[in-house]
Structures are given as C-alpha cells and as structure tokens.
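Mind having a look at this structure? Questions to follow.
The values are calculated or read from the model by the stated rules, or taken from the named source; none is laboratory data. Keep in mind that what you see is a predicted model, and the values were worked out from it rather than measured. When we count neighbours, we look across all protein chains shown, and the Cβ atoms used for this are built from the backbone with ideal geometry, even at glycine.
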Amino acid sequence: MSTTPSTPDRSARPPRPQAIMTVQEVAEITPNLIRIRAGGEGFDALNSNEATDKYVKLMFADPAHGLTPPYDLAELRENSPEKLPRNRTYTVREINEDEKWLSLDFVIHGDEGVAGPWAKTAQPGDTIVMVGAGGKYRPNPDAAWHLLIADHTAIPAVSTALEAMDTEAKGTVIAAVADEADRLLPATPAGVTVVWVDNDDELISAVRELDWSEGTPQVFAHGERGTIKTIRTVLKEHEVPRESLSISAYWARGRAEDQFQAEKREPIGKID
C-alpha cells in the first residue's frame with residue numbers, strides 16, 4: 001500500500017512523534033518484492049494498536065536538502081515547502097513490540113516513485129523515518145464469514161488478517177496478483193478459500209460471481225480506486241451493512257501518489 005504527500009496544512013493538529021528507525025534486514029522475497037525490517041529505540045515513538053491493517057507513513061527527505069530527522073514540518077511548511085519530505089503509506093507486515101521492530105513489504109516497479117527505489121538500495125544501518133501506526137480493521141471472530149478482496153498492494157494486510165483468524169473461521173479471499181511468484185499468503189484456516197486472479201477486471205468478476213454464503217460477512221476490500229468503487233456497488237447489492245465493511249482505495253490508476261492523496265478529500269476520491 002502506498003499513498004500520501006505531506007503538503008496539506010495540518011497546523012491545528014499537534015505534531016505526531018517521528019520514529020527514527022534503523023534498517024536491520026533487507027530480504028528479496030521475490031524479484032518484485034522486498035521486505036525490510038527496521039527497528040531500534042525509535043520504535044517507542046510508534047502508537048500501538050490491535051489492527052491487522054496497521055500502517056505507517058514513511059517520510060522521504062531529498063538528500064540534497066540536507067535535512068536531519070526529526071523534521072520540523074511546521075517550519076518547513078511555513079518557510080520551505082519545497083523541502084518537505086514526501087510521505088508514503090505502507091502496511092505493516094509484521095511487528096514485534098518486545099524486540100522493537102517491524103517489517104514492511106515493498107513492491108518494486110522499476111525506478112518509479114520514491115519508496116520502491118529506496119527499498120532497492122536500502123542496506124542494514126540505513127535510517128528510515130516514519131509516523132503511526134494507524135489502522136482499524138481486525139477479523140471479528142463472531143462474523144458469520146469473512147470476505148477479503150485485494151490487489152497486490154493489500155496482500156500484507158490480508159496476510160496479517162489470515163494469521164489473526166480463529167482456526168474455525170470461514171470465508172473467501174479474492175486477490176488480483178499478476179505474477180504467480182508474488183502470490184504469497186500464509187496458511188489459511190481450513191474454512192477459508194483463496195481465489196487468485198490476474199487483474200482487476202477478473203477481480204470484479206470473481207466478486208460478482210461469488211457463491212454468497214449465509215449470514216452477514218465481515219468484508220475487507222482494498223486496492224485500486226476505480227476497482228474498489230465498482231466492488232462497493234456489488235456489496236451494496238448484497239446489502240452488506242457499512243459497519244461490516246473495511247473498504248478504501250490504496251491507489252488510483254493514472255494518478256501520481258500525491259495527486260491521489262489530494263483527491264481523497266474530493267468527491268472523486270470518496271468511497272461511501
């Protein structure tokens with residue numbers, strides 16, 4: 001998952017603590033996926049929560065500006081907005097509060113973007129700054145069944161959710177991941193079926209054609225904005241109550257991340 005610039009004026013809010021972390025381990029999970037573990041004393045600046053879709057906002061400052069963390073965002077916003085770090089939001093794949101570390105998965109798309117190129121060259125000992133953690137979703141053990149809908153950006157959150165489910169949980173995961181090497185999920189409860197598809201069109205079709213189980217599902221649906229909006233209409237047809245939904249876009253086709261984040265506050269970016 002990847003979003004967010006740090007340009008909006010949030011001067012009315014108290015500044016969030018910045019966790020200044022050290023890269024501890026870099027692992028190539030697949031040719032398209034790098035997992036980075038970061039930790040250290042800066043870990044204590046992160047909030048704790050029980051959500052399985054925990055996320056942090058990574059802060060990437062241009063080295064040419066010579067900034068040293070923690071960054072004075074208020075001062076930069078007022079006097080040097082061009083030097084503001086660029087924020088990118090990533091789901092936490094794993095967290096160990098006792099040992100003070102977390103891991104993040106980075107999907108690599110060539111040299112595009114900010115976070116992916118950083119991850120490709122990251123080495124143990126490098127510094128990474130983040131704020132968080134946010135997150136709200138966690139599988140409800142009392143749900144009749146679970147429906148998890150995702151593209152590659154939401155696989156870390158789906159993985160963590162599956163690990164948190166009771167062994168008796170029932171449900172379906174429908175995930176759009178084009179490269180079979182990247183189709184990685186942990187072991188699932190016996191009652192949970194996983195359906196892999198190649199693209200968003202197939203993802204929508206699979207949701208439409210799903211054999212709907214009895215009872216109200218708890219739904220987790222995250223991915224590309226247009227796709228998730230279409231899936232939302234399908235969920236409305238099945239009369240899934242809003243309180244049983246965790247649904248949002250992690251990105252938008254044809255939009256740079258900063259533009260996508262800005263549009264989240266506009267009608268085009270809203271998913272009801």
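Looking at (1) surrounded by fewer than 16 Cβ atoms within 10 Å (Cβ to Cβ); (2) farther than 23 Å from LYS170 by Cα, find the lone condition where ALA252 falls short.
All conditions are met except number (1).
Report whether or not ALA122 is modelled with pLDDT of 95 or more, more than 17 Å from GLU25 (Cβ to Cβ) and surrounded by fewer than 20 Cβ atoms within 10 Å (Cβ to Cβ).
no
The rows are residues; the columns are (1) crowded, with 19+ Cβ neighbours inside 10 Å; (2) under 27 Å from ALA51 (Cα atoms).
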residue: PRO69; (1), (2): no, no
residue: ASN79; (1), (2): no, no
residue: LEU84; (1), (2): yes, no
residue: SER103; (1), (2): no, yes
residue: ILE108; (1), (2): no, yes
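Does the stretch 175-191 contain any residue that is surrounded by 20 or more Cβ atoms within 10 Å (Cβ to Cβ), closer than 28 Å to ARG265 by Cβ and touching a strand residue (DSSP E or B) at 6+ places or on another chain (Cβ under 9 Å)?
Yes, because at least one residue in the stretch 175-191 is surrounded by 20 or more Cβ atoms within 10 Å (Cβ to Cβ), closer than 28 Å to ARG265 by Cβ and touching a strand residue (DSSP E or B) at 6+ places or on another chain (Cβ under 9 Å).
Go through the residues of the stretch 31-46 one by one and say whether even a single one is closer than 19 Å to VAL92 by Cβ and at pLDDT below 90.
no
Quick check: anything in the stretch 158-171 without any contact (Cβ under 8 Å) to a residue 12 or more places away in the chain and within 27 Å of ILE29 (Cβ to Cβ)?
No, the stretch 158-171 contains no residue that is without any contact (Cβ under 8 Å) to a residue 12 or more places away in the chain and within 27 Å of ILE29 (Cβ to Cβ).
Would you mind telling me which numbered condition in (1) of a type in the set (S, T, N, Q); (2) surrounded by 23 or more Cβ atoms within 10 Å (Cβ to Cβ); (3) farther than 23 Å from GLU243 by Cβ THR167 fails?
The failed condition is (2).
Has the stretch 131-139 got any residue that is touching a Lys or Arg at 6+ places or on another chain (Cβ under 9 Å) and closer than 21 Å to LEU33 by Cα?
For the stretch 131-139, residues touching a Lys or Arg at 6+ places or on another chain (Cβ under 9 Å) and closer than 21 Å to LEU33 by Cα: absent.
Then there is this: Which residue, of LEU104, LEU76, is under 21 Å from PHE220 (Cβ atoms), modelled with pLDDT of 95 or more and touching a Leu at 6+ places or on another chain (Cβ under 9 Å)?
LEU104
Give just the number: which of (1) outside any loop (DSSP other than H, G, I, E, B); (2) closer than 22 Å to HIS152 by Cα does LYS236 not satisfy?
Looking at each condition in turn, LYS236 falls short on (2).
Additional query: Can you give me the number of residues within the stretch 241-271 that are within 15 Å of THR230 (Cβ to Cβ) and among the basic types (Lys, Arg)?
2
Same structure, new question: Would you say LYS229 is over 20 Å from the mean Cα position of the chain (by Cα), assigned to a helix (DSSP H, G or I) and not aliphatic (A, V, I, L, M)?
For LYS229, the condition - over 20 Å from the mean Cα position of the chain (by Cα), assigned to a helix (DSSP H, G or I) and not aliphatic (A, V, I, L, M) - is not met.
Here's a follow-up. Just one of GLY191, GLY223 is under 16 Å from the mean Cα position of the chain (by Cα), modelled with pLDDT of 95 or more and under 23 Å from THR52 (Cα atoms); which is it?
GLY223
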